[in-house]
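The values are calculated or read from the model by the stated rules, or taken from the named source; none is laboratory data. Please read these numbers as outputs of a predicted model, since none were measured by experiment. Here the Cβ positions follow ideal geometry from the backbone for every residue, glycine too, while neighbour counts run over all protein chains shown.
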Number of protein chains: 2
Amino acid sequence: MIKTLQGSIDFAESLRGKRATFLLALSTTKTVEIEGITQAGIPELIHLTPTLDSEFLCTGEVRSIDNIATTPKGVPTPALLTRAVHLLRPFGTIELLNLGMATPPKLDYFTCHDFAITPSERIDRGAQIDALGLFEQGVAFGKAYEAPDAYIILGESVPAGTTTASAMVEALGYDAQAMFSSSFREAPNAIKEQTIAQALKGIEGVEDLFERVGAVADNMLLFNAGFILGSSGKSTKIVLAGGTQMAGLLLLVNSIVRYMGGKLESHNLALCTTKWVAEDSQSDIQGLLRLLDFPINAYYSDFDFALSDHPALKLYDEGEAKEGVGAGGALMYGLLNGLSKEAITRQVEQFLRP
Amino acid sequence: MIKTLQGSIDFAESLRGKRATFLLALSTTKTVEIEGITQAGIPELIHLTPTLDSEFLCTGEVRSIDNIATTPKGVPTPALLTRAVHLLRPFGTIELLNLGMATPPKLDYFTCHDFAITPSERIDRGAQIDALGLFEQGVAFGKAYEAPDAYIILGESVPAGTTTASAMVEALGYDAQAMFSSSFREAPNAIKEQTIAQALKGIEGVEDLFERVGAVADNMLLFNAGFILGSSGKSTKIVLAGGTQMAGLLLLVNSIVRYMGGKLESHNLALCTTKWVAEDSQSDIQGLLRLLDFPINAYYSDFDFALSDHPALKLYDEGEAKEGVGAGGALMYGLLNGLSKEAITRQVEQFLRP
């Protein structure tokens, strides 16, 4: 079942049975080098997570290392959920957006849109993103892009992405730091807060919006703010598949629209996350969405691993991992195409069999 | 399984696995105000049945009152069946035809074609329908409409619609009154007959076909006769999803074609109803279809609630409700897309859980 966080169920229901293009936005921020900031991947190899997630989503294989990405606690990547849905009720198309990966995925036959973007730097030392340039690339792509299916699901794989999103939202002047989620159950608040504080210190006195976010955000946020604005005149619906990072992206869009003195036509835009984010006591996605000046439909997919007793999967229900690789939106897609919780659970379990 | 009432199974089989656009034709006739004439809805609120049926089909929610429409005997709307199929094997698209509703449905994102048609009057006092105008609107819509999917399933929600269809078929000169179905097990023949007799008395001496049916039919019949004729040159197949009302619609088409001295190309047209209508001892859908001058494939979906012991659902098997909201055609769609009787039953039961 799909549950409404904000707005009404109609946006989601109008997509029932329709095929979607799944766009996966991939980027690396060197912020992952700060020890203990994320568990979205294998320590020392976290910069590879977007590469591995995209390989696994597209082919069911991880190619750039030997094994599927799990965290030190053994939580497997949420790409398992997205891939499970894709096996049972395939997306019409999967396309990748290379927004600055450390290593491109080893894939043939899949469209990977390349924009010659490099990984961004650690935000505590200044991310050094050409924010306006990246935003404009996003706008141009949004205007030009024609999805081959009825609508778009936009997911992301950006390790440490909640830290950069949180810093960015602070930099934009929203009072929202405590509302951000983490891939950890017990969010590593001291490290995150310190990193964010350091990042914000670096932009003290900087007035320009793009200059500010260019120092503390990540490529995914800046490019996709452009993508959303570039797409906004079109009739193609876009589902932002993610949690507080995607809410942060919407706040960036909100600030840019304010800055430009415009108004966003958000009727064809929605957000869908997982139950783990929606029910997370340590973050507040609804609080983030309430800060927006425009209305937006937001949902979560009522899926958990209650039907499984696999210890690695139960960690999700205990609050680890929570979201990523568009898991929440992918689950919505599965549910809108007649998949049961049982079927999804069995498929995910199968990936973990030795 | 899909069973053939007339013609061959080939029409149905040629649609196996294909996506359909589900068009739901909605209208209110004030004939429902005659006490005891229908049980298609909540007494006093029967004029809202098309509104509630369309809300529930599209979103799973009833919005214009608190609870799902059940009859005084507790028979739930056949919209449950159509919605169950849509959840398990989604239609490609659902679109609504507002052919004169008392209250429009509260829906966003769903296409509701509006034709500025008002509810028709009680047929015992003269329905006052601009029959030719409505028919011509239907023709124009049929010519212009491009279904976004491989074929069209046309369902209806028109309370008291078997009474108006029966009166209309009489008015057209067919000897068929006893062949019409009812939403009751024990059809309220005295009230229906009296209403129909009164309606026919009002058109004694009237010669013109459109003038006659304009006084005794309903908007759904007149508009859709036009829709069928307007679509008849096209390659898109249309499944009339309904029972004796849809057979009545075909008889109206038959009479109009005779009147105009033409010939209907009916190769792309079929009818599909429920088992409850097909096996109803108090009506005779096959008898009605035999009155047509053109050949037509007609089916029923071999589905009943034998696998359920829910008392409200068993009432269907005892002959209450029978058909509506395109249930027969929706079941055919489900069966043609691999659904089992078991799966449909379990989904319908789930709606009725407290």
- Only helices (runs of 4 or more DSSP H) wholly contained in region A:282-354 count here; list those with 2 or more residues that are of a type outside the set (Val, Ile, Thr) and surrounded by 20 or more Cβ atoms within 10 Å (Cβ to Cβ). A:285-290, A:311-317, A:327-336
- Query: Considering region B:80-95 alone, what residues qualify as being within 14 Å of another protein chain (Cβ to nearest Cβ) and closer than 21 Å to B:GLN39 by Cα?
  - Reply: B:THR82, B:ARG83
- Message: Which pairs turn up if I take residues in region A:1-27 that are at the interface with chain B (Cβ under 10 Å from one of its Cβ atoms) and crowded, with 22+ Cβ neighbours inside 10 Å and look for partners that are of a type in the set (Val, Ile, Thr) and not in a loop (DSSP other than H, G, I, E, B) with beta carbon separation below 7 Å, at least 6 apart in sequence or on another chain?
- Response: A:ALA12/A:ILE2; A:GLU13/B:THR59
- Tell me, please, whether a residue that is without any contact (Cβ under 8 Å) to a residue 60 or more places away in the chain, more than 19 Å from B:PHE210 (Cα to Cα) and in contact with a Lys or Arg (Cβ under 8 Å, 6 or more places away or on another chain) can be found in region B:278-289. no
- Task: Can you tell me which residue among A:GLU136, A:GLU193, A:GLU204 is part of a loop (DSSP other than H, G, I, E, B) and surrounded by fewer than 24 Cβ atoms within 10 Å (Cβ to Cβ)?
- Result: A:GLU204
- Message: Quick check on region A:169-185. Is at least one of its residues hydrophobic (A, V, I, L, M, F, W, C), under 12 Å from the mean Cα position of the chain (by Cα) and at pLDDT 85 or above?
- Response: no
- From the list B:GLY319, B:GLY230, which one is in contact with a Lys or Arg (Cβ under 7 Å, 6 or more places away or on another chain) and modelled with pLDDT of 95 or more? B:GLY230
- Filtered residues of region B:150-184 (kept if assigned to a loop (DSSP other than H, G, I, E, B), of a type in the set (Gly, Ala, Ser) and under 22 Å from B:GLU279 (Cα atoms)): B:ALA160, B:ALA176, B:SER181, B:SER182, B:SER183
- Here are B:PRO76, B:PRO148, B:PRO159: which of them is touching a residue at least 12 places away in the same chain (Cβ under 8 Å), away from chain A (no Cβ under 13 Å), touching a Ser or Thr at 6+ places or on another chain (Cβ under 9 Å) and surrounded by fewer than 23 Cβ atoms within 10 Å (Cβ to Cβ)? B:PRO76
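Scan region A:258-270 and give yes if some residue there is of a type in the set (A, V, I, L, M, F, W, C), surrounded by 20 or more Cβ atoms within 10 Å (Cβ to Cβ) and within 19 Å of A:MET1 (Cα to Cα), otherwise no.
yes
Residue-wise test of (1) farther than 25 Å from B:THR163 by Cα; (2) within 14 Å of chain A (Cβ to nearest Cβ); (3) surrounded by 19 or more Cβ atoms within 10 Å (Cβ to Cβ); (4) without any contact (Cβ under 8 Å) to a residue 12 or more places away in the chain.
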| position | (1), (2), (3), (4) |
| --- | --- |
| B:THR38 | no, no, yes, no |
| B:LEU97 | no, no, yes, no |
| B:LYS106 | yes, yes, no, no |
| B:ALA116 | no, no, no, yes |
| B:ASP130 | no, no, no, no |
- Task: From A:ALA199, A:ALA225, A:ALA247, A:ALA241, grab the single residue that is touching a residue at least 24 places away in the same chain (Cβ under 8 Å), over 30 Å from A:ALA20 (Cβ atoms) and surrounded by 24 or more Cβ atoms within 10 Å (Cβ to Cβ).
- Result: A:ALA199
- Of the criteria (1) of a type in the set (Lys, Arg); (2) over 25 Å from B:GLY243 (Cβ atoms); (3) away from chain A (no Cβ under 14 Å), which one B:ARG122 fails: (2)
- Task: State whether one or more residues within region A:280-303 are of a type outside the set (Ser, Thr, Tyr) and more than 26 Å from A:ALA176 (Cβ to Cβ).
- Result: yes
- Within the bounds of region A:228-246, is there any residue that is under 25 Å from A:LEU5 (Cβ atoms), in a loop (DSSP other than H, G, I, E, B) and among the β-branched types (Val, Ile, Thr)? yes
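Residues are listed down the side, and each one gets a yes or a no for (1) over 27 Å from B:ASP317 (Cβ atoms); (2) in contact with a strand residue (DSSP E or B) (Cβ under 8 Å, 6 or more places away or on another chain):
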| site | (1), (2) |
| --- | --- |
| B:ALA12 | no, yes |
| B:THR21 | yes, yes |
| B:LEU24 | no, yes |
| B:GLU33 | yes, no |
| B:GLU55 | no, no |
| B:ASP66 | yes, no |
| B:LEU80 | no, no |
| B:HIS86 | no, yes |
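Listed here are the residues, each with its yes/no results for (1) of a type in the set (S, T, N, Q); (2) in contact with a helix residue (DSSP H, G or I) (Cβ under 8 Å, 6 or more places away or on another chain).
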position	(1), (2)
A:MET246	no, no
A:LEU251	no, yes
A:PHE294	no, yes
A:SER301	yes, yes
A:ASN337	yes, no
A:ARG346	no, no
- Note on the structure: Within region A:1-51, residues in a helix (DSSP H, G or I), out of contact with any Phe, Trp or Tyr (no Cβ under 9 Å at 6 or more places or on another chain) and of a type outside the set (S, T, N, Q) come out as A:LYS30, A:VAL32, A:GLU33, A:ILE46, A:HIS47, A:LEU48, A:PRO50
